[in-house]
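The values are calculated or read from the model by the stated rules, or taken from the named source; none is laboratory data. Source: prediction; values computed, not measured. Ideal geometry is used to build each Cβ from the backbone, glycine not excepted, and the neighbour counts take in all protein chains shown.
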Amino acid sequence: MTRFIGAHTIDNGGIHMAVRRAGSAGMTALQVFTAIPKFYGDKSKINPERVVRFRDALAKTKIKPENVVVHAAYVLSVATPDDDKWARASAGLAKEMERSSTLGAGSVCFHPGSAGTSERSASAKRIAKAIVHALGTVESETRLLVENTAGAGQTMGRTADEVAEILSHVPKSLRPRTGYGLDTCHLFASGYDLRESKQILTAILDDFEEKAGEPPSFFHLNDSEGELGSNRDRHALLGEGQIGGKPFEWLMGDKRTQGIPLILETPQQNYDIADDDDSADPYDVRMMKLLSG
């Protein structure tokens, strides 16, 4: 089976330009934002012309719509015990599902957020409630996927047990439309030592699969600036952080990386690329070669 490798490419000039830059790098997967990631986006709709440009650009690449991941806004903390904040975050997640479904994206991934001062088990139920609300609001084939977190503060989703607990509160009828994905930097930052051995890395993935009842539906491939267990969400180029290159070689040899989006969220060399420049970022090209090898 094929591995679909891509990145969260720069969207200067629009998300269709992010597609074109990914295509220039020979990618077969892609991640984008549909709205500004530091705002709730709970009222942001997507312009039909923007959808056409995105789909037309996608058709000229090797990226299939099902291998497009949309990253939801960072501020959508549906773990919060604050009812007003939860309501707005939940609405933002549902609106993200609406925009992403209109684009035809395969999935939306999101950070669950912080439990704050509340019981973590109660927080898991609130996250699941937001998933159910979003899936009930938008009928589509776009899936809504929990992303594991680096574990700073009271953030939810740092362990296999927490990811599994969140998903356990989603009704069986909706489970095919949800799931989870794993970020390698987040795993390492939350205390999973991916460097120890190939057997340990395999055991970590086995643990998530066994407890959640399914394998990951995407991977974010990132090295870590922070030390093991630092809870710091700081990404580095593969092989240039604390994780090092070998664990990514082991990971790419695992069957669970087949047939799902493998997304680089590593640093870019040219963040200020011109709006009309669709050339691939040199760092993305380097990372693509590393993973393909």
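See the values below:
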{"item": "Segment 175-206, subset closer than 19 Å to residue 151 by Cα and of a type in the set (Asp, Glu), residue surrounded by the most Cβ atoms within 10 Å (Cβ to Cβ)", "result": "183"}
{"item": "Check on residue 230, of a type in the set (Ser, Thr, Tyr) and either within 19 Å of residue 283 (Cα to Cα) or in contact with a strand residue (DSSP E or B) (Cβ under 7 Å, 6 or more places away or on another chain) (or both)", "result": "no"}
{"item": "Residues located in segment 65-80, provided they are assigned to a loop (DSSP other than H, G, I, E, B), surrounded by fewer than 24 Cβ atoms within 10 Å (Cβ to Cβ) and touching a His at 6+ places or on another chain (Cβ under 8 Å)", "result": "74"}
{"item": "Looking only at segment 207-249, and only at residues there that are within 11 Å of residue 187 (Cα to Cα) and of a type in the set (S, T, N, Q), the one that is surrounded by the most Cβ atoms within 10 Å (Cβ to Cβ)", "result": "222"}
{"item": "Residue that is nearest to the chain's Cα centre (by Cα), among those in segment 190-230 that are part of a loop (DSSP other than H, G, I, E, B) and of a type in the set (Ser, Thr, Tyr)", "result": "217"}
{"item": "Per-region count, segment 231-248, residues free of Cβ contacts under 8 Å to residues at least 60 places away in the same chain and either of a type in the set (Phe, Trp, Tyr) or part of a loop (DSSP other than H, G, I, E, B) (or both)", "result": "10"}
{"item": "Residue in segment 283-293 that is part of a loop (DSSP other than H, G, I, E, B), surrounded by fewer than 21 Cβ atoms within 10 Å (Cβ to Cβ) and modelled with pLDDT under 95 present", "result": "yes"}
{"item": "Every pair of residues 6+ apart whose Cβ atoms lie under 7 Å, when the first sits in segment 77-94 and is hydrophobic (A, V, I, L, M, F, W, C) while the second is surrounded by fewer than 17 Cβ atoms within 10 Å (Cβ to Cβ)", "result": "94/137"}
{"item": "Qualifying positions in segment 271-282 - surrounded by 12 or more Cβ atoms within 10 Å (Cβ to Cβ) and either farther than 18 Å from residue 240 by Cα or in contact with a strand residue (DSSP E or B) (Cβ under 7 Å, 6 or more places away or on another chain) (or both)", "result": "273, 277, 278, 279, 280"}
{"item": "Qualifying positions in segment 137-152 - touching a Ser or Thr at 6+ places or on another chain (Cβ under 8 Å), closer than 17 Å to residue 78 by Cα and of a type in the set (Ser, Thr, Tyr)", "result": "149"}
{"item": "Condition check for residue 155: touching a residue at least 12 places away in the same chain (Cβ under 8 Å), among the β-branched types (Val, Ile, Thr) and either surrounded by 22 or more Cβ atoms within 10 Å (Cβ to Cβ) or within 23 Å of residue 106 (Cα to Cα) (or both)", "result": "yes"}
{"item": "In segment 1-57, the residues that are of a type in the set (Gly, Ala, Ser) and either outside any helix (DSSP H, G or I) or without any contact (Cβ under 8 Å) to a residue 12 or more places away in the chain (or both)", "result": "6, 7, 13, 14, 25, 26, 29, 35, 41, 44"}
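Matching residues to (1) modelled with pLDDT of 95 or more; (2) crowded, with 24+ Cβ neighbours inside 10 Å:
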| position | (1), (2) |
| --- | --- |
| 16 | yes, no |
| 22 | yes, yes |
| 30 | yes, yes |
| 44 | no, no |
| 93 | yes, yes |
| 98 | yes, no |
